[in-house]
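Have a look at the structure below before the remarks.
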Amino acid sequence: MLWMSVVVDKACTQIWEAWGSGASVTSLKVSPAVYSAVASARPGEIARDYPLMLLGLPLVADDEVATYDPVVVWKERTC
Amino acid sequence: MLTAEENEVLCRVGPGTPMGTVLRRYWTPAFQLGDLPAPDCPPIRVTILGESFVAFRDTNGTVGFLDELCCHRGASLTLGRVEDCGIRCLYHGWKYAVDGTIMETPNLATPTFRERVKHGAYPVREAGGLGWVYLGPPGSEPPFPEFSWASAEPDELAVSEMIMDCNWMQVLEGSIDSSHVAILHLDTLATMGSGPRSVGSFDFAGEPWDLDMPVPGNRQGQGPRPGVWPSDDNAPRIEVENTPFGFHYAAIRDVTGDPGKKFVRVTAFVMPYTALIGGSPGAVIVVPRDDYTCSSIGVFKVPKGAGLTRRATGVDPAVWGPEPANRRIRLPRQDREAMAEGKSFAGFRGGNRIQDAAVQMSSGEMYDRAKEHLVPADLAIIRLRRLLADSVRLVEEGQGPVGRGEGCDFSRITAASQIIDAEQAWQDLVPAHHGTPEPSRKAVAS
């Protein structure tokens, strides 16, 4: 069974860490298995051609990312 | 979000289910002690975790908690006679002691059966106006959660119970959700004369509307309490740290007009049912009755003599249903007129618990979390699910679930609601913190 609660918890923690360091978050890289699970849960959004999003971030499937190690992508804020 | 499969795992609590097995490894508050007021009083039927039991207080004052149906022919022991240190089934007179010992079998003269077999009986502890039971494997009980109010006298406690027609996770998640407080409960804050006066483009047109509502920390009547919610910030920063009992989380808001300060509400979540909420003198405990019904129990320490150990609801009696014991909530009519006139945001009279119940039950009997769109402000809810999911895996591996509080002094677990210096650590406000920040992988720059 895929434990999304673990994936989401780790990703959310990273987002708050990034925000705490003054960065802005841009996307969330997840394993293809996680991406597929989100896609299958949201057929309506897929049908409407909406981007898949998790925790307010666009979701990117990445073969290099392990199932339970999502990666939040961020960039330094510039004034 | 959760997958549909994981949602089922976290929500269903019956015998043999993954979450049901986890919850049976903790002490569970099962009934109000006020329902068993005296030795040999009438027994009560208790439904928790998808099973039915009978609770009774025997002639010596000891509470028994047994499987509901007589082990002879299955009649309900809630119909039984409580007498002479036991409870007797009406059908054929079999009699049971509080520990499940079969004392008498009038239609079976030989003693062999009753000497070798016992009826299902479970350990019971009386504390904080509640009867707590342990339904797990005998001998595997965790430390009993001796909260600070556990030894309070009945006249120092207000215990209330709302039976709600929805899955327990909807109510439990609401109990630890800080970012809804200054929105859904805007009417409450307005009645308290504190906090924001708007949500987005909505502004109050006039004076607070529900002046009779109970407000936190003040059970009856309320003068304005400015300063209780000194912030207009509806997007708090959320920090969560695991503890031996579960986790603490802090909702950190800017203080209106004072950039050198921050307004911190720290909630303690004690696995698997209990939230001690910042600014409130008690706890909210959410216990599943079955997959589609739960009890939301409030236990509040009150000035000595003010306690109401029974039917202290804190809400308009008109919302209570006819059964059982008049505790099942029926939502009052939503006042659309007051909402349209800008007098009320939510339109529900009766205070926070009614407003919470309305939205929690509105998701249906068991919400499918595959459909939701979580945001980072939901971190506490996300962590709750993580701990429950971790517990499911651990128990399936033959280990104990997380947060059973080994070595923890439950009496020191507190919540907090306070303005502090912007540089001060919120952990200073909760002495039993023992935080262990969740390790996370480093984010990577693009």
Review point. Rounded to two decimals, what ratio of Rg to Rh does the stretch B:1-52 give with C-alpha atoms and a Kirkwood Rh?
Key: 1.16
Review point. What is the count of Lys pairs in the protein assembly as shown whose alpha carbons sit under 18 Å apart, if the two are 8 or more places apart or on different chains?
Key: 6
Point to revise | Largest-first principal axis extents, alpha carbons of the stretch B:72-159, Å | key: 50, 29, 20
Exercise for review: Give the long-range amide H neighbours of residue B:193: residues separated by 5 or more places, or on another chain, with amide H under 5 Å away, using H modelled in the peptide plane at 1.01 Å from N.
Suggested key: B:225
Practice item. Hey, for a label at residue A:61 modelled as a point 7 Å past Cα toward Cβ, could you say which residues of the stretch A:1-32 have their backbone N under 16 Å away? Key: A:28-32
Check your understanding: Which value in nm describes the separation of the simple spin-label points at residue A:48 and residue B:365, placed 7 Å from the Cα toward the beta carbon?
Key -> 2.9
**Study point:** Efficiency of FRET between residue B:113 and residue B:409 - r from beta-carbon atoms, R0 45 angstrom, step 0.05
**Key:** 0.50
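What does the convex hull of the alpha-carbon atoms of the protein assembly as shown project to on average, in nm²? List each step's numbers first, then the result.
On the way: hull surface 108.4 nm².
One quarter of the hull surface, i.e. the mean projection, equals 27.1 nm².
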Check your understanding: Build a GNM of chain A with springs between Cα atoms under 10 Å: which of A:50, A:35, A:68 gets the top mean-square fluctuation?
Key -> A:50
Check your understanding: Distance from the Cα centre of the stretch A:1-55 to that of the stretch B:156-201, in angstrom?
Key -> 28
Exercise for review: Any cysteines in chain B with zero other Cys Cβ atoms under 4.7 Å from their Cβ? List them, or say none.
Suggested key: B:11, B:41, B:71, B:85, B:166, B:294, B:408
Revision key, fill the gap. In units of 2.2 N^0.38 Å, the Cα radius of gyration of the stretch B:365-432 is 1.52
Review point. Taking the simple approach of a point 7 Å from Cα along Cα-to-Cβ for both residue B:397 and residue B:101, what is their distance in nm?
Key: 4.2
Exercise for review: Given the options B:146, B:423, B:156, state which has the largest fluctuation in a GNM of chain B using a 10 Å cut-off (strictly under) for Cα springs.
Suggested key: B:423
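Mind checking the dipole of the protein assembly as shown: about its Cα centre, +1 per Lys or Arg Cβ, -1 per Asp or Glu Cβ, Debye to the nearest 20? Walk me through the intermediate numbers first.
Numbers: 50 positive and 65 negative charges, 114 e Å.
Using only the charged Cβ atoms, the result is roughly 540 debye.
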Practice item. May I ask you to evaluate 6.51 cos²θ - 1.76 cosθ + 1.60, the Karplus curve with θ = phi - 60°, for each residue of the stretch B:402-413 and list the ³J(HN,Hα) values in order in whole Hz, giving x for glycine and proline? Key: 7, x, 7, x, 4, x, 9, 8, 4, 5, 9, 6
Practice item. Provide a whole-number value for the mean count of partner chain Cβ atoms within 10 Å of the Cβ atoms in peptide B:248-256. Key: 0
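Express in % the proportion of alpha carbon pairs of chain B at distances exceeding 38 Å.
On the way: 25006 of 99235 pairs.
Beyond 38 Å sits 25 percent of the P(r) for chain B.
Taking the beta-carbon count within 10 Å as an exposure proxy, list A:36, B:178 from fewest neighbours to most.
Details: A:36 13, B:178 23.
Final ranking by Cβ density, sparse to dense: A:36, B:178.
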Check your understanding: If you look at just the Cα atoms of chain A, how large are its Rg and its Dmax in Å?
Key -> 12.9, 44
**Study point:** Student exercise, the stretch B:1-118 dipole from Lys, Arg, Asp, Glu Cβ charges, in Debye to nearest 20
**Key:** 240
Review point. Given +1 on the Cβ of Lys and Arg, -1 on the Cβ of Asp and Glu, and no further charges, what dipole in debye does the stretch B:101-178 carry about its Cα centre, rounded to the nearest 20?
Key: 660
Revision key, fill the gap. With Cα coordinates, the longest principal axis of chain A makes an angle with the long axis of helix A:4-20, in degrees rounded to 10, of 20
Study note, to complete from the structure: Averaging 1/r across every pair of distinct alpha carbons in the stretch B:137-208 and inverting yields a Kirkwood hydrodynamic radius, in angstrom, of 16.5
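How long are the three semi-axes of the equivalent ellipsoid of the stretch B:233-304, in whole Å, if each is the root of 5 times an eigenvalue of the C-alpha gyration tensor, listed from largest down? Display every interim value, and only then the final one.
On the way: eigenvalues 152, 49, 30 Å².
Here the semi-axes work out to 28, 16, 12 Å.
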Exercise for review: From zero up to wherever the largest Cα-Cα distance of the stretch B:38-81 sits, split into 10 Å bins and tell me the percent of pairs in each.
Suggested key: 31, 53, 16
Review point. Scanning chain B for helices, which whole DSSP H stretches are 18 Å or more long along the axis (Cα) and average 0.0 or more by Kyte-Doolittle?
Key: B:379-396
Exercise for review: Report the relative contact order of the stretch B:1-106, percent, no decimals, based on alpha-carbon pairs under 8 angstrom and at least 6 residues apart.
Suggested key: 15
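Could you tally the net charge around residue B:143, taking each other residue with its Cβ under 10 Å from the Cβ of residue B:143, Lys/Arg +1 and Asp/Glu -1?
Values: positive: B:404; negative: B:141, B:146, B:406, B:409.
Spelling it out: positives minus negatives among the neighbours equals -3.
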Revision key, fill the gap. Under the helix-only model (-39500 (n - 2.57) for each DSSP H run of 4 or more, divided by the residues of the protein assembly as shown), the mean residue ellipticity at 222 nm, to 500 deg cm²/dmol, is -5500 deg cm²/dmol
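Using Cβ counts within 10 Å as a stand-in for footprinting exposure, how do A:29, B:304 rank, fewest first?
Least crowded to most crowded, the residues run B:304, A:29.
Taking N as the number of residues in the stretch B:62-219, what is its alpha-carbon radius of gyration divided by 2.2 N^0.38 Å? Intermediate results must be reported in sequence, preceding the final value.
Numbers: Rg = 24.3 Å, N = 158, 2.2 N^0.38 = 15.1 Å.
Scaled against compact globular proteins, the figure is 1.61.
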Revision key, fill the gap. Computed on Cα atoms, Rg of the stretch B:75-115 relative to 2.2 N^0.38 Å comes out at 1.07
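Quick note: the coordinates plus some simple rules give every number you see, no bench work behind them. All values derive from a computational prediction rather than experimental measurement. Because the Cβ atoms are built from the backbone with ideal geometry, glycine has one as well, and the counts that use them run over all protein chains shown.
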